[in-house]
Amino acid sequence: MNILILNGSPRKRGNTDLLLEKIEEGVHRAGQRAEHVNLAHLSIHPCTGCGHCETEGVCIFKDDMTLLYQKIEAANRIVIGSPIYFYGVTAQTKAFIDRCQALWCRKYLLGEIKPERDYRRGYMVSVAATDGGKIFDGARLTVRYAFDAMEFTYSGELLAQGVDVKGAVAERTEIMEKAVQMGLEIGRKA
Ligand SMILES: Cc1cc2nc3c(=O)[nH]c(=O)nc-3n(C[C@H](O)[C@H](O)[C@H](O)COP(=O)(O)O)c2cc1C
């Protein structure tokens with residue numbers, strides 16, 4: 001099992017970070033290991049829409065995303081975690097997702113679909129300060145279509161509303177426990 005956890009929150013020890021840590025705990029309890037990558041620590045140039053990947057299937061920019069493409073290719077479980085920023089994912093998460101356009105082009109323009117990849121599963125974790133009923137809709141759509149480009153099936157989500165202060169989610173014991181359960185599920189699914 002190759003499990004990749006991507007943290008799109010720039011806030012160290014923030015709510016996303018704490019939930020992802022609990023997911024990792026569940027993964028470990030299931031007897032697996034996960035690689036935790038903090039997108040805010042990486043240098044990922046925003047997509048410029050140059051069109052190179054439409055014909056070549058690869059991005060012109062050679063930065064930390066180059067290694068992430070390899071990690072995506074090698075993974076069979078990916079967790080994308082991002083807090084809600086203005087009803088969407090953070091800029092760090094979006095820069096990563098936009099660079100997945102190269103994968104979208106390979107799949108939909110260049111026909112490089114690899115068969116039998118339905119074992120690859122993607123999960124989303126998100127937190128938001130407010131209680132609005134549509135607060136996660138934008139981020140969910142973005143992450144869902146990113147997983148489609150990566151050839152991962154959107155398989156679950158862990159969403160926490162009403163958490164704003166750094167680390168506040170730690171007091172929401174039911175959500176913290178759900179994170180451990182999600183990690184167990186991710187780790188157990190072969
Ligand atoms: C730039 C920015 C934009 C935000 N936009 C929203 C928003 O639209 N809706 C919301 O409910 N919370 C919003 N928040 C609050 C964060 O989602 C919230 O503080 C979250 O717990 C941060 O997660 P973290 O600790 O993992 O970084 C915003 C916070 C920042 C810094």
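Tell me which residues, restricted to the stretch 53-81, are charged (D, E, K, R), in contact with a Ser or Thr (Cβ under 9 Å, 6 or more places away or on another chain), free of Cβ contacts under 8 Å to residues at least 60 places away in the same chain and outside any loop (DSSP other than H, G, I, E, B). Result: 64, single match.
Selection within the stretch 13-34: residues that are away from the ligand (no atom under 15 Å from the Cβ) and outside any helix (DSSP H, G or I). The member of this set that is surrounded by the most Cβ atoms within 10 Å (Cβ to Cβ) is 34. The set of residues from the stretch 30-47 being within 30 Å of residue 163 (Cα to Cα) and touching a Gly at 6+ places or on another chain (Cβ under 7 Å) comprises 30, 32, 39. If we scan the stretch 147-154, do we find a residue that is closer than 20 Å to residue 24 by Cα, modelled with pLDDT under 95 and part of a loop (DSSP other than H, G, I, E, B)? Among the residues of the stretch 147-154, not one is closer than 20 Å to residue 24 by Cα, modelled with pLDDT under 95 and part of a loop (DSSP other than H, G, I, E, B), which makes the answer no. I'd like to check something: does the stretch 55-75 contain any residue that is modelled with pLDDT of 95 or more and within 16 Å of the ligand (Cβ to nearest atom)? Scanning the stretch 55-75, I find no residue that is modelled with pLDDT of 95 or more and within 16 Å of the ligand (Cβ to nearest atom), so the answer is no. Being in contact (Cβ under 8 Å) with a residue 60 or more places away in the chain, over 12 Å from residue 79 (Cα atoms), of a type outside the set (Phe, Trp, Tyr) and touching an Asp or Glu at 6+ places or on another chain (Cβ under 6 Å) holds for only one residue in 169, 180, and it is 180.
Confirm whether residue 50 is more than 16 Å from the ligand (Cβ to nearest atom), over 26 Å from residue 162 (Cα atoms) and free of Cβ contacts under 8 Å to residues at least 40 places away in the same chain.
yes
For the stretch 48-79, a residue qualifies if it is within 20 Å of the chain's Cα centre (by Cα), farther than 19 Å from residue 144 by Cα and surrounded by 15 or more Cβ atoms within 10 Å (Cβ to Cβ), and the qualifying residues are 59, 64, 65.
If we keep just the residues of the stretch 155-182 that are in a strand (DSSP E or B) and away from the ligand (no atom under 12 Å from the Cβ), which is nearest to residue 114 (Cα to Cα)? Show your work before the answer.
In the first step, residues of the stretch 155-182 are kept if they are in a strand (DSSP E or B); the result is 155-161.
Applying the additional criterion that residues be away from the ligand (no atom under 12 Å from the Cβ) yields 155-158.
On the way: 155: 19, 156: 23, 157: 25, 158: 28 Å.
Within the stretch 155-182, the match that is nearest to residue 114 (Cα to Cα) is 155.
Scanning the stretch 84-142 for residues that are more than 9 Å from the ligand (Cβ to nearest atom), of a type in the set (Phe, Trp, Tyr), under 25 Å from residue 18 (Cβ atoms) and part of a loop (DSSP other than H, G, I, E, B) turns up just one, 136. Pairs meeting the criteria (first residue in the stretch 7-24 and under 15 Å from residue 42 (Cβ atoms) and of a type outside the set (Lys, Arg), second residue near the ligand (Cβ under 8 Å from one of its atoms) and part of a helix (DSSP H, G or I), beta carbons under 8 Å, at least 6 apart or on different chains) are 7/16; 7/17; 8/16; 9/15; 9/16; 9/17.
The values are calculated or read from the model by the stated rules, or taken from the named source; none is laboratory data. Values in this document were obtained by computation on a predicted structure and should not be read as measured data. Ideal geometry is used to build each Cβ from the backbone, glycine not excepted, and the neighbour counts take in all protein chains shown.
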